[in-house]
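S.K.: Starting off with a structure, shown below.
The values are calculated or read from the model by the stated rules, or taken from the named source; none is laboratory data. These numbers were taken from a predicted model, which means no experiment stands behind them. Cβ placement follows ideal geometry from the backbone for every residue including glycine, while neighbour counts extend to all protein chains displayed. Ligands, DNA and RNA are stripped out before the accessible areas are found, and what is left, the full protein with its side chains, is counted by its heavy atoms. Shrake-Rupley method; radii C 1.70, N 1.55, O 1.52, S 1.80 Å.
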Amino acid sequence: MIKFFLVICCLLSVQKEEPVLSWDDSYKLSWTDFKAKPNTKANAVAITASGITFGFSITKTDDNKVVGFTSDVHAHFYPEQSWYKKERVDSHILGHEQLHFDITELYARKFRQRISDLKTSNSIRKELKAVHNAILKELSQIQGQYDKETNYSIHSESQTKWQTYIAVELDKLSKFKSVD
């Protein structure tokens with residue numbers, strides 16, 4: 001378990017060296033945020049690299065009993081890994097990419113909510129890891145479902161339904177929103 005904690009810390013320190021944008025409800029992505037060179041061989045016209053960073057600390061007594069824990073969860077956008085094909089994009093596609101980032105924030109909120117339900121115990125490290133793994137799996141599945149149902153933004157009606165759905169879900173979990 002110590003290795004898991006150290007890996008998380010290392011990933012967080014690596015990610016902090018790379019420029020990131022933290023999710024903020026008052027900021028919307030612009031094409032200038034997408035800094036990577038486009039993959040000209042890809043069918044995609046834009047790629048949003050976003051993810052959840054997670055860290056935690058555990059407080060123990062001298063006899064090794066866990067008496068508390070804190071956690072840190074953030075939704076980030078990675079400009080240096082995100083790209084677009086200038087000649088093929090528009091504001092509709094930017095909205096699709098923004099929603100990928102918003103979905104990442106939604107799952108960061110779900111993660112914080114589930115963490116808030118955990119009770120301090122000697123198994124908290126294992127429980128945090130399980131919640132983290134479940135959230136990452138769910139996030140990956142919903143991102144894929146979003147792209148499939150909208151056909152990567154081509155189906156405008158489906159895109160609009162997703163925008164409404166994600167806005168409602170974000171609002172339901174507003175007490176768990178990212179604060180940097």
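S.K.: On the first, second and third principal axes, largest extent first, how far apart are the outermost C-alpha atoms of the stretch 83-174 in Å?
M.R.: Its Cα atoms span 55, 25, 19 Å along the three principal axes.
S.K.: Percent relative contact order of the stretch 61-168, based on C-alpha pairs within less than 8 angstrom and at least six residues apart? The partial results should precede the final answer.
M.R.: Numbers: 57 pairs, mean separation 34.6, N = 108.
Here the relative contact order equals 32 percent.
S.K.: Continuing with the same structure: What's the angle, to the nearest 10 degrees (0 to 90), between helix 2-17's Cα axis and the longest principal axis of the chain?
M.R.: 40 degrees
S.K.: For the pairs 86/172; 86/148; 85/110; 65/172; 119/161, note any where the Cα-Cα span goes beyond 28 Å.
M.R.: From 86/172; 86/148; 85/110; 65/172; 119/161, over 28 Å: 86/172; 85/110; 65/172; 119/161.
S.K.: Rounded to the nearest 500 deg cm²/dmol, what is the calculated helix-only ellipticity per residue at 222 nm for the chain, with -39500 (n - 2.57) per DSSP H run of length n ≥ 4?
M.R.: Details: 4 runs with 86 residues, N = 180.
After summing the helix terms and dividing by residue count, I get -16500 deg cm²/dmol.
S.K.: Let me ask something else. Tell me, what HN-Hα J-couplings in whole Hz come from the Karplus equation 6.51 cos²θ - 1.76 cosθ + 1.60 at θ = phi - 60° for each residue of the stretch 61-78, using x for Gly and Pro?
M.R.: Values per residue, Gly and Pro as x: 7, 4, 8, 6, 8, 6, 10, x, 7, 10, 9, 9, 10, 9, 9, 10, 10, 10 Hz.
S.K.: What percent do you get for the relative contact order of the chain when only Cα pairs under 8 Å and 6+ apart count?
M.R.: Numbers: 228 pairs, mean separation 43.4, N = 180.
Across the chain, relative contact order equals 24 percent.
S.K.: For the chain, find the longest principal axis of its Cα atoms and tell me its angle to the long axis of helix 91-116, 0 to 90°, nearest 10.
M.R.: 10 degrees
S.K.: Let me ask something else about it. Given a Förster radius of 41 Å and the C-beta distance between residue 161 and residue 67 as r, what FRET efficiency does 1/(1 + (r/R0)^6) yield to the nearest 0.05?
M.R.: In this case the efficiency is close to 0.35.
S.K.: Can you give me the accessible area per residue for the chain, using a 1.4 Å probe, in Å²?
M.R.: 58 Å²
S.K.: Same structure again: How many nm separate the modelled label positions at residue 22 and residue 137, each set 7 Å beyond the Cα in the direction of the Cβ?
M.R.: Using points 7 Å along Cα→Cβ, the separation is 3.0 nm.
S.K.: Follow-up. Starting from the coordinates of the alpha-carbon atoms of the stretch 75-119, obtain the Kirkwood hydrodynamic radius over all distinct pairs and give the value in Å to one decimal.
M.R.: The answer is 12.4 Å.
S.K.: Hey, another quick one. How many nm separate the modelled label positions at residue 42 and residue 145, each set 7 Å beyond the Cα in the direction of the Cβ?
M.R.: Distance between label points: 2.3 nm.
S.K.: In whole Hz, with x marking every Gly and Pro, tabulate ³J(HN,Hα) for the stretch 21-30 from phi via Karplus 6.51 cos²θ - 1.76 cosθ + 1.60, θ = phi - 60°.
M.R.: With coefficients 6.51, -1.76 and 1.60, one gets 10, 7, 4, 8, 5, 8, 10, 10, 4, 10 Hz.
S.K.: Mind pulling up the Rg/Rh value for the chain? Radius of gyration and Kirkwood radius, both on Cα.
M.R.: 1.02
S.K.: Let's test this: bin the Cα-Cα distances of the stretch 99-147 at 5 Å from zero up to the farthest pair and state each bin's percent.
M.R.: Result, from short to long distances: 5, 21, 29, 19, 13, 8, 4, 1, 0 percent.
S.K.: If you don't mind, another one. Kindly express, to the nearest 10 degrees and within the range 0 to 90, the angle between helix 156-172's C-alpha long axis and the longest C-alpha principal axis of the chain.
M.R.: Approximately 30 degrees, to the nearest 10.
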